[in-house]
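Quick notes on the structure that follows.
The values are calculated or read from the model by the stated rules, or taken from the named source; none is laboratory data. What you see is a predicted model, and the numbers here were worked out from it, not measured in a lab. In this analysis, Cβ positions are derived from the backbone assuming ideal geometry, glycine residues included, and neighbour counts consider all displayed protein chains.
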Amino acid sequence: MARRPERRLVACNSDAATKHVRTALQSRPLDKVRDRLEESGDPSAHAIAKGVYVLRKVLICAVVFVTVFAAFGQELWDLARTTIDGKNVAIEYGRPRLNGRNITDLMKQLPPDHVWRAGSGPMTLLMTEADLSIGGKKVPAGNYSLYMYCPEKGDYALLVNSDVGTQEAGPFPKAAPDRSNRTYPHFMDYTFAIGNKEVARIPLKRTAFERRWEVLTYSFEPAGKGALLTIRWGDQAWTVEFQPAG
C-alpha cells in the first residue's frame, strides 16, 4: 500500500498564504458532513452538526489570528501614563512596526469579528486606580485588557474587557525575561473567547496625519480634569477622552 504523504502545518505571514489557508479551511467537505447529519433528523446528529459548524469557524479564526498577529511581530514595549483625580492610570502595550505595510490592508486580515488586540506580543493592558469615564462609558478602577474593533467601513472602537489574558504565550512572541509575568491574548477570536466579558465598547475619533508613524504609539495629553488618549500608527490616529467618573 502506498504511503500517504505527510501533512504539515506551515507557519505563514503573507497575505497570499493567509488567503490560501483560509480558502482551504472553507472548503466544502465539512459542510457536506454537517448537511448529511442535519438531514438525518436525529437530535443527536443535529447537535453534532452544530459542533462541526463551530469547529470550522474556530479553525478559520485561529489560522487568521495567528497569521495576522505573527505578521505584526513583537518589536518594542512601552507604557503610556497619566494621573486622573490624583490616581495613576497606565496602558502597557507592545509596539509593532509597519515595515512597509499598510494599515488598511493589515486590518482586512483580521478575524470575522474585526477585533485587533491593539498591540503585539503580550496582552495590551489598562491599569487604573481611578474610576473612569472613557468616552462617556464608565470603567471602574481595576485592570483590563484593551482591544480595537476595526471594521472595513465605519468607526473604530476601543474595547475594554475584564479578562486580562492567559499565562500561555501560544503563537505570540514571548515577553522579555524581566516581564515573564505578563499575560497573553487567548488563542481564539475575541468574540468566541471573551466577548461576554466586555466592560465597554467606546467609539474612537479618527484623524489622518501627513506624518507616518512607523511604530504603534499610545500617548496621554491633559484634557479638562482628565486626559486625551491618542493611538497612532501609520498615517492614522484615534483619540478618546479619559475623565474622572461622575
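State the number of residues belonging to region 216-246 that are among the acidic types (Asp, Glu) and within 22 Å of the chain's Cα centre (by Cα).
Going through region 216-246 one residue at a time, the tally reaches 2.
For region 83-99, state whether one or more residues are surrounded by fewer than 21 Cβ atoms within 10 Å (Cβ to Cβ), in contact with a Ser or Thr (Cβ under 9 Å, 6 or more places away or on another chain), over 26 Å from Gly195 (Cβ atoms) and not charged (D, E, K, R).
Yes, because at least one residue in region 83-99 is surrounded by fewer than 21 Cβ atoms within 10 Å (Cβ to Cβ), in contact with a Ser or Thr (Cβ under 9 Å, 6 or more places away or on another chain), over 26 Å from Gly195 (Cβ atoms) and not charged (D, E, K, R).
I'd like to verify a number: residues in region 192-231 that are in a strand (DSSP E or B) and either under 21 Å from Tyr144 (Cβ atoms) or of a type in the set (Asp, Glu) (or both), how many?
Residues in region 192-231 being in a strand (DSSP E or B) and either under 21 Å from Tyr144 (Cβ atoms) or of a type in the set (Asp, Glu) (or both): 22 in total.
What do you reckon, is Ala176 touching a Phe, Trp or Tyr at 6+ places or on another chain (Cβ under 6 Å) and at pLDDT below 95?
For Ala176, the condition - touching a Phe, Trp or Tyr at 6+ places or on another chain (Cβ under 6 Å) and at pLDDT below 95 - is not met.
Could you look through region 100-139, keep only residues that are more than 19 Å from the chain's Cα centre (by Cα) and free of Cβ contacts under 8 Å to residues at least 60 places away in the same chain, and pick out the one that is nearest to Leu204 (Cα to Cα)?
Only one residue tops the list, namely Thr128.
Name the single residue that is surrounded by the most Cβ atoms within 10 Å (Cβ to Cβ) among those in region 116-163 being at pLDDT below 95 and aliphatic (A, V, I, L, M).
Out of the qualifying residues, it is Met123.
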